[in-house]
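Heads up: the structure comes next, in structure tokens.
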Amino acid sequence: MNKIKHFVSKLLKDYFNEEDKKELINILTLSLEEKVEDLVEQGTPVDEAIKKSIQEFGNTDDILEAYPEKTKRRKKLLNDRKSQFFFSFFGYLLIVGLAIFINLNFLDFFLNFKWFVVVIIGVFFWPLVMLYRFLISKR
């Protein structure tokens, strides 16, 4: 029955705080285990009964219909992460533009060393990390 608990845990991964999640995982796991037991009593092999129970169970959207506030929180998280990414991207462009401007205008002072390339590479990780956080949240 570890397959069922793993399935339910994965399903609820990003939607509930730890206390609510544990309680809901226990409830849903028990429900699915009872369904598996019923199918086994009807003569279905255990592995097939588990697969059938999981397929009939549905997905996260079906569960979240009972918890509309969790859906709102998830959407807010995605919007926040998207905003953070765009802020970091435009901040990156501003920093890079300023570095290029300073370096090219004061080229004689910097002895023809184009240090803005170091800035471009170094600061690039900021929007890259924000994009990664957004994509992870989207899953």
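Readers should treat all values here as calculations from the given coordinates under stated rules, not as data from a laboratory. Here the structure is a predicted model, which is why all the values come from computation and not from measurement. Using ideal geometry, Cβ is built from the backbone for each residue, glycine included, and neighbour counts are taken over all protein chains shown.
Descriptive notes on the structure:
- Residue match in the range 85-95 (condition: of a type outside the set (V, I, T) and over 16 Å from F134 (Cβ atoms)): yes
- Residue list for the range 89-139, restricted to those being in a loop (DSSP other than H, G, I, E, B) and in contact (Cβ under 8 Å) with a residue 12 or more places away in the chain: W115, F124, R139
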